[in-house]
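**Q** Pasting a structure below so you can have a look.
Bear in mind these aren't lab numbers, they're just calculated from the coordinates by the rules spelled out. Just so it is clear, the model here is predicted, and its values are computed rather than measured. For neighbour counting, all protein chains shown are included, and Cβ atoms are generated from backbone atoms with ideal geometry for every residue, glycine included.
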Amino acid sequence: MNESLKVTEFDVVFEAKGTAVGRMRNKVDLTWVKRGNDSETFSLATDEGVFHGGENTAPPPLAYFGAALVGCLMTQIRAFSKRMQIPIRDVKVNAKLQWKGRQIGRNPYETQPKGFSVDVDIDSDASEGDLLRLVDAAKKGCFVEQTLMQSNRIQHRLKREGGWTSL
């Protein structure tokens, strides 16, 4: 079989376990479950600013969201440039992530995304067509961007004495 036409499917699984460790500070252990029994765990902290009752001791969760989008796309551009044989010297990505909040009286606020914009600056002598193909491939390979492009259902459960209740 032609190696370039071989189809390989794989799953990517991360498991996150959060623990409250301060007023609004959280410790999140994020485990990347790899093939076989291999795994890698990262510990992250989140906190909120004073506005939300936190102490501003760590980035807020949305900061990681923005970093994940930019970092994912940058990684794919660099990795795919090698696979696609499109030489690049440098890449810079800037993103603007916007949400809208709404609060009625003292009720908890509700949010919804307004939009996300991404500017890509690639230092390369490659043609514009090659760079467009590269960015398109990187967009398709960026897990964060592909997640944002779809409507997703997130399943929630609440732990009670009798077990788990689906929400």
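**Q** For a bin width of 10 Å, list the pair-distance distribution of segment 1-59 built from all Cα-Cα distances, rounded to whole %.
**A** For segment 1-59, the pair-distance distribution reads 20, 30, 22, 15, 9, 4.
**Q** Would you calculate, for the chain, the mean residue ellipticity at 222 nm contributed by helices, counting each DSSP H stretch of 4 or more residues as -39,500 (n - 2.57) and dividing by all residues, to the nearest 500?
**A** -8500 deg cm²/dmol
**Q** Below 8 Å between Cα atoms, with a sequence gap of 6+, how large is the relative contact order for segment 1-59 in percent?
**A** That works out to 26 percent.
**Q** Sort out for me the Cα centre separation of segment 108-167 from segment 1-39, rounded to whole Å.
**A** 16
**Q** Could I ask something else about it? For Lys100, give me every one of the aspartates and glutamates with a C-alpha distance below 15 angstrom, ignoring sequence neighbours fewer than eight places off in its own chain.
**A** Output for Lys100: Glu110.
**Q** Follow-up question, since we're still on this one. How far, in nm, would the chain grow between Glu9 and Ile154 when pulled straight, counting 0.36 nm per residue and subtracting the alpha carbon separation?
**A** 49.9 nm
**Q** Here's something else I'd like to know. Only loop residues by DSSP count here, and only those with at most 14 other Cβ atoms within 10 Å; note down the GluC sites (Glu not before Pro) in segment 1-101 that meet that.
**A** Passing sites in segment 1-101 are Glu9, Glu55.
**Q** Counting chymotrypsin sites (Phe, Trp or Tyr not before Pro) as exposed when in a DSSP loop with at most 13 other beta carbons within 10 Å, what is the longest stretch of the chain free of them?
**A** 11-108
**Q** Still on this structure, I have one more. Can you compute the equivalent ellipsoid semi-axes for segment 66-156, i.e. the square root of 5 times each eigenvalue of the Cα gyration tensor, sorted largest first and rounded to whole Å?
**A** Equivalent-ellipsoid dimensions as semi-axes: 34, 14, 9 Å.
**Q** Also: For segment 128-167, count the residues as N, evaluate 2.2 N^0.38 Å, and divide the Cα radius of gyration by that value, please.
**A** Its radius of gyration relative to the 2.2 N^0.38 Å reference: 2.10.
**Q** What do you get when you divide the Cα radius of gyration of segment 25-120 by 2.2 N^0.38 Å, with N the number of residues?
**A** 1.44
**Q** Return the FRET efficiency for the residue pair Lys96, Glu55: r is the Cβ-Cβ distance, R0 is 25 Å, and the value is rounded to the nearest 0.05.
**A** After rounding, the FRET efficiency stands at 0.40.
**Q** Express the C-alpha Rg of the chain as a ratio against the empirical globular expectation 2.2 N^0.38 Å, rounded to two decimals.
**A** 1.30
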